[in-house]
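S.K.: Pasting in a structure now, in structure tokens, and then I'll have a few things to ask.
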Amino acid sequence: MGDWESIFKKKGKFFHEPHEDMRKLAQLFKKNNVRRILDLGCGSGRHTVFFAKLGFDVYGMDSSESGLKQTKEWLKQSNQKAKLKKASCYEKFPYKDNFFDAIISVQVIHHAKIEDIQFCVSEIERTLKPNGIALITVPKTKKNKFRSKVKMIAPRTFVPLDGHEIGLPHYHFNKAILQKSFRNFKILKIYTDNHKHYCLLGRLKEIAP
């Protein structure tokens, strides 16, 4: 079975460039006076470093010690700072309610069964300020288009039986499920990026007292 710690130890830094939409997102953040950002599932740190360079107050959270170590090294090389925490996105986040102005999570939350993903979404809602901004991306790839051999472990959930993500759960979203999962958000748009991933951009709805 695979896990993110062994993956980051073996492969090192996964990505060297930020997601294609992060520059536009940074402009949106500045326009809306976003200050404190959570990079949920920060991995080796490409988005943590990117937003730190732009002067945001960045927090990075990941379950892999090796990934966080790579993020720390990248920050140091870039002469930047960010606050990093080792934690799983499928357990209670180590942050207070209404703590973040924005949360980004690129290709992270789908690595679990739906009940764990739903808990993760509830924690995103808890730690994000009302009207806070979220950008979440998940793959559109169906199991029969996955490059590895796979095994179904739950409805819409499979694990690769080979490759570098061997044993890691992959939940297959469609647009309707994504909308339902983020029903407490005012969805600004759902679109497909250049890598054929769903991208959801939304604002957390304010709950009437």
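S.K.: Consider all pairwise Cα distances in the chain and report the whole-number % of them above 31 Å.
M.R.: In whole percent, the long-distance tail amounts to 14.
S.K.: Shape call for region 16-96 from the C-alpha gyration tensor, a ≥ b ≥ c root eigenvalues: rounded (a/c under 1.5), prolate (a/b greater than b/c) or oblate?
M.R.: Oblate, because a/c is 1.5 or more while a/b does not exceed b/c.
S.K.: Let me ask something else. Assign unit charges at the C-beta atoms only (+1 for Lys and Arg, -1 for Asp and Glu), then state the dipole size of the chain relative to its Cα centre in Debye, rounded to the nearest 20.
M.R.: So the magnitude is around 440 debye.
S.K.: Going Cα to Cα from K69, which aspartates and glutamates come in below 14 Å? Please leave out same-chain ones fewer than 8 positions away.
M.R.: E5
S.K.: Where both residues lie in the chain, what percent of DSSP beta bridges are antiparallel, nearest 5?
M.R.: 55 percent
S.K.: Continuing with the same structure: Go through I166, S88, F51 and say which Cα lies farthest out towards the positive end of the charge dipole of the chain; charges sit on Cβ, +1 for Lys and Arg, -1 for Asp and Glu.
M.R.: Positive-most Cα among the choices belongs to F51.
S.K.: Only helices at least 15 Å long along their axis, Cα-based, and averaging -0.5 or more on Kyte-Doolittle count here, so list those DSSP H runs from the chain.
M.R.: Passing helices, by number: 114-127.
S.K.: Using the count of nearby Cβ atoms within 10 Å as a rough guide to exposure, how do L135, L128, L178 rank from fewest to most?
M.R.: By the 10 Å Cβ count, ascending, the order reads L178, L135, L128.
Where a number appears in this text, it was derived from the coordinates with a stated rule and is not lab data. None of these values were measured; they are calculated from a predicted model. Glycine gets a Cβ as well: all are built from the backbone with ideal geometry, and neighbour counts include every protein chain shown.
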